[in-house]
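This report refers to the structure that appears directly beneath it.
The values are calculated or read from the model by the stated rules, or taken from the named source; none is laboratory data. The structure displayed is predicted, hence computed values, not measured ones. Glycine gets a Cβ as well: all are built from the backbone with ideal geometry, and neighbour counts include every protein chain shown.
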Amino acid sequence: MKIDYKFINLSYLNEISNGNNNFILELIELLFEQLPEYQIKMNEYYSQKDWNNLGRIAHKAKSAIIMVGMEELALELKKLEENAKEGKNIGDYQEIIVKFVNISNEAIKELQEVKKSIK
């Protein structure tokens, strides 16, 4: 797992797992479930103008992606979370959501490669 990926960084994951491949695989599987769900929910809450729940799901997504070293996207989600909870800068929400969807889809592809390399 020493490959350099464009979107993910497995340093933190390797550190917290102590090299336990089963733990890494479990976390990857969890992300395969969570990320698409977060994408759908963000778009739903945005469409419904449900800023409070948009902020909540941005927080959950931020926590998930930080595990695979996506700090820059996590900062964007933190901004979305804080703004949505206060109903501020609404014009920025959609751009951040689109960025999250696109980048997390790329991360999923990279995580599929990681999964193959572990098995």
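Only one of these is surrounded by 16 or more Cβ atoms within 10 Å (Cβ to Cβ), among the aliphatic types (A, V, I, L, M) and touching a residue at least 60 places away in the same chain (Cβ under 8 Å): LEU80, LEU35. Name it. Quick ask: steps written out before the conclusion?
Working: LEU80 fails: touching a residue at least 60 places away in the same chain (Cβ under 8 Å).
When all the criteria are applied, what remains is LEU35.
Taking the stated definitions as given, is LYS6 surrounded by fewer than 16 Cβ atoms within 10 Å (Cβ to Cβ), in contact (Cβ under 8 Å) with a residue 60 or more places away in the chain and basic (Lys, Arg)? So LYS6 passes the test. The lone criterion from (1) surrounded by fewer than 20 Cβ atoms within 10 Å (Cβ to Cβ); (2) assigned to a helix (DSSP H, G or I); (3) at pLDDT 95 or above left unmet by LYS88 is number (2). LEU13 meets the stated requirement of being within 30 Å of SER117 (Cβ to Cβ), surrounded by 13 or more Cβ atoms within 10 Å (Cβ to Cβ) and either over 11 Å from the mean Cα position of the chain (by Cα) or at pLDDT 95 or above (or both).
If you go through the range 38-72 and keep only what is crowded, with 21+ Cβ neighbours inside 10 Å and outside any helix (DSSP H, G or I), you end up with VAL68, MET70.
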